[in-house]
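> Quick one: the structure is below, questions incoming.
No value in this document is a laboratory result; all are computed from the given coordinates. Owing to the predicted nature of the structure, the values given are computational and were not obtained by experimental measurement. Counting neighbours? That spans all protein chains shown, and the Cβs are built from the backbone with ideal geometry, glycine included.
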Amino acid sequence: MSAPQADSPALPLDFFETPGAKLKTDSYAAVSFPIGLFPPKLFEYKIPEALRGQVQSGSWVLAPFRRRGLWGAVAEIYAEARFGGPHGEIIESVTWPDAIRLRTLALAKKMARHYAAGLAHAFKTALPFPRLLPQETRPSAAIQSTGADPELNDEQRQAFEALLHHAGEGRRQIYLWGPTGSGKTYVLLAFIKKLLAQNRSVIYMVPEIALTPQFLELFESELTLGPAFACWNSRVSGAQKKTLWNRMLSGEIRFVLGTRSAVFLPLTGLGAVIIDEEQDSSFKQETPPPAYHARDVALWRAEEEEALAVFASATPSLECYHAIEAGLLPAVRLEHRFGGSTLPAVRLESLSGPVDGLDAGLIQTIRATIETNRHVLVYHNRRGFNRVLTCEHCKTSVLCNQCQLPLTLHREEAAVTLRCHHCGIRKKPPESCPRCRAPKEHLKPKGVGTQRIAQDIEEALGLKILRLDRDTAKTSAPIYAEFKAGQSKILVGTKMVTKGWNFPLVTLVVVLDADNELVLPDFRACERAFQTLCQVSGRAGRGRDPGEVLIRTRNPDHYLFQSLVAHDLNLFYQREIEIRRRMRLPPVTRLFTIELKGSKREKVEEAARSMLDALRAKGLETNMEAMGAGPSFFQKIRQNWRFQVVLRSNDPGAEFPMDALGPVVSQFRKSGVMLKFHPDPQNLL
């Protein structure tokens, strides 16, 4: 049995829009394979007599492809061959029960179209264990409340009832928007309890694994979780995930706390998919394809399974804010903090130069806070000890050989290493400057990271300092427990400390250099900076004592900082939306980028510029505008030079015109040039 020849025609991705009926006379199948073809293609295979009636739209089949057997998804079955020439035969088929098969195929087709990905990639993302058939249905253990429902104030009660109303009326999405400390989590907890009591299932999603311990602590204190509950994230092994998946299919698991991929979990009787901290970019998949956003998938699942997609945050993404303002996304707002606490006072402190440590005044401010038995959170979004190692003689920094980016100095006990935060390479500091060969005495560390900040505070105050960043993330649970218990009064961290953490004794938040968030040349930089600073500010004053936030910046008059001082989110969002509208950027348009990379810079650059010309010529037939081509901000990563071509549609819901532009893009996939397609890029770096 031979595979389709290299020059065989292939069916377009949208060859059929709807799953076909189960017909024993259907003799051919259009199959998608999880391979890196762009544009994605479907290949036609013959269904042997023995498998007719078994192979259906949405089956997972084994077929010969390029001299080997390869598993793929059946997009459609039909009676007559669509094009001539020899066809291979399907070897084996795995077919799920109709409800799961058709639901998965429908979701996979939506993802494939919206994200311009292959159907098999989308299918295997939605159904990661396609050969694991469901077992016999087993009753789940009841998840019961351990006590009274959360005591909600009037505002929270109205929000809770709005969630119930939307779920009961058959609405499919709602946004829960409220300031940090307003008790959104307790509103969601009351909603979850109600759904579980109605024998519905719930998926609760958080952006970071580090947030799992505190949510687990909350859920365990309010519910008898037992075997009907599970956690789902990248720390769960493949074997464990396989077991959990089967238990979900059988109906045994009813409530899941997970990260991005949890949006696909096959819970029976789904009542709600809740995405907490909706604005976080972690909910957007980059690789492998499809480059889905969990927010989109949650809504599609809610529509298909008659559930409610709930998005929650103190700082909505600009996409959701725009949809709320346009009346497309219902929202319920909490206006006040829970328990009588007030939002912290935000104070700006002007910086005039680089931050190279903590000054005496800042140390004294921290000391005064902890002497009153209150806690301090120091935020700095740069991990490591020092940011760069710079030669005083030639003024250059020690760079990563693979990425041409500065290496970061890390200290671990007595060892000093240089690390690249892009490719992960580690090396000892050089004995001389790699460029001018000046002796190592001329190599001076510059800039500070969280390691250095924690050490400086510890030495100045003689106290134990906790640190939470990617280097300590595996111990986030004990760090959370220690800080909450007061075993340490000072926590230093990166973005990992900005969301979801609830520490009632924190009254002072220090942002050492807020401009770190603004310096990247990316259209989302200001939005991300605002969300991060608003979130980290919200860690202060959540208990009985009022909070204060000290933000150091070189741009105190920037509308971002003025919005933070005034606690006026609308001021920021309206200004930012106006800029996006003027610049024709998302959310009022839709972007696609094509990343080109390879080891030869000239070859990649030439391919990018030639692709731009070809797309501009062809794009006149579509609603897609080729904006430009150029080097990425991070020009070289892992020995590969990176360029990108940016495409834009004025329709924010537009699909990529695969038939017209896909072949144009694919002709530039050649020796020495790799292509990667990015729908809805989260940055242009």
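> Tell me which lysines have Cα within less than 27 Å of LYS464's Cα, excluding those fewer than 8 residues away on the same chain?
LYS446, LYS474, LYS484, LYS489, LYS495, LYS499
> Residue-wise, which Karplus ³J(HN,Hα) couplings in Hz belong to segment 365-378, taking 6.51 cos²θ - 1.76 cosθ + 1.60, θ = phi - 60°, and x for glycine or proline?
Computed from phi, the couplings for segment 365-378 are 4, 5, 4, 4, 5, 6, 5, 9, 6, 10, 10, 10, 10, 10 Hz.
> Multiply the residue separation of CYS394 and GLU92 by 0.36 nm, subtract the distance between their alpha-carbon atoms, and state the gained length in nm to one decimal.
Numbers: separation 302, 0.36 × 302 = 108.72 nm, distance 6.49 nm.
Here the answer is 102.2 nm.
> Which of rounded, prolate, oblate describes segment 103-199, given a ≥ b ≥ c as roots of the alpha-carbon gyration tensor eigenvalues and a/c under 1.5 marking rounded, otherwise prolate only if a/b is larger than b/c? Write down the numbers at each step before the final one.
Details: a/c = 2.87, a/b = 1.63, b/c = 1.76.
Since a/c reaches 1.5 but b/c is at least a/b, the shape of segment 103-199 is classed as oblate.
> Same structure, new question: Cut-off is 10 Å between beta-carbons; in what order do TRP300, TRP177 appear when sorted fewest neighbours first?
On the way: TRP300 21, TRP177 24.
Least to most surrounded, the residues fall as TRP300, TRP177.
> What FRET efficiency would be calculated for the residue pair ASN401, GLU482, taking the C-beta separation as r and a Förster radius of 41 Å, to the nearest 0.05? Provide the component values of the computation, followed by the final result.
Values: r = 39 Å, r/R0 = 0.95.
Result of the calculation: an efficiency of 0.60.
> With only alpha-carbon atoms in the gyration tensor, what are the semi-axes of the equivalent ellipsoid for segment 154-338, in Å, largest first? Don't skip to the answer; put the middle values down first.
Details: eigenvalues 115, 72, 53 Å².
In descending order, the three semi-axes are 24, 19, 16 Å.
> Under 1.5 on a/c is rounded, so check that first for segment 590-679, then, if it is not, pick prolate when a/b is larger than b/c and oblate when it is not; a ≥ b ≥ c are the square roots of the alpha carbon gyration tensor eigenvalues.
prolate
> Follow-up question, since we're still on this one. Please arrange PHE123, PHE255, PHE38 by how many other C-beta atoms lie within 10 Å of their C-beta, fewest to most.
PHE38, PHE255, PHE123
> Ok, one more. Give the calculated FRET efficiency between SER666 and GLU303 to the nearest 0.05, with a Förster radius of 45 Å applied to their Cβ-Cβ distance. Write down the numbers at each step before the final one.
On the way: r = 33 Å, r/R0 = 0.72.
After rounding to 0.05, the efficiency reads 0.90.
> Using 0.36 nm per residue, how much length does the chain from THR25 to CYS436 gain when fully extended, once their Cα-Cα distance is taken away?
Values: separation 411, 0.36 × 411 = 147.96 nm, distance 7.57 nm.
Full extension of this stretch gives 140.4 nm more.
> According to a simple spin-label model (label point 7 Å from Cα along Cα-to-Cβ), what is the distance in nm between LEU463 and MET583?
That separation, rounded to one decimal, is 4.0 nm.
> For the chain, what is the mean residue ellipticity at 222 nm derived from helices alone (per DSSP H run of n ≥ 4: -39500 (n - 2.57); sum divided by total residues; nearest 500 deg cm²/dmol)? Before the final figure, lay out the partial values.
Details: 16 runs with 195 residues, N = 685.
Value at 222 nm, helices only: -9000 deg cm²/dmol.
> 5 Å is the cut-off here: which amide hydrogens, built 1.01 Å from N in the peptide plane, fall below it relative to GLN279, excluding neighbours closer than 5 in sequence?
Distant-sequence amide H within range of GLN279: SER317.
> Let me ask another. What distance in nm separates the simple spin-label points at LYS600 and ILE363, each placed 7 Å from Cα in the Cβ direction?
5.6 nm
> Given q = 0.05, 0.08, 0.09 Å⁻¹, what are the Debye log10 I(q)/I(0) values for the chain, with equal point scatterers placed on the Cα positions and solvent ignored?
So the normalised log intensities are -0.27, -0.70, -0.89.
> Among rounded, prolate and oblate, which fits segment 234-312 when a ≥ b ≥ c are the square roots of the eigenvalues of its C-alpha gyration tensor, a/c under 1.5 means rounded, and a/b larger than b/c means prolate? Show your work: numbers first, answer last.
On the way: a/c = 1.79, a/b = 1.14, b/c = 1.57.
Because a/c hits 1.5 or more and a/b fails to exceed b/c, segment 234-312 counts as oblate.
> Another one. Apply the Karplus curve 6.51 cos²θ - 1.76 cosθ + 1.60, θ = phi - 60°, to the phi angles in segment 283-299 and return the couplings in whole Hz, x for Gly and Pro.
With the stated coefficients, segment 283-299 comes to 7, 9, 6, 10, 9, x, x, x, 7, 7, 10, 4, 4, 5, 5, 4, 5 Hz.
> Now, a different point. What is the order of MET583, MET611, fewest Cβ neighbours within 10 Å to most? Can you show the working numbers first?
Values: MET583 10, MET611 22.
So the residues, fewest neighbours to most, are MET583, MET611.
> Going by amide H atoms built from the backbone, whose H comes under 5 Å of the H on ARG383, apart from near neighbours?
The list, which skips near neighbours in sequence, is THR450.
> Shifting gears a bit: Could I have the simple spin-label model distance between GLU49 and ASP356, label points 7 Å from Cα toward Cβ, reported in nm to one decimal?
The modelled label-to-label distance comes out at 8.5 nm.
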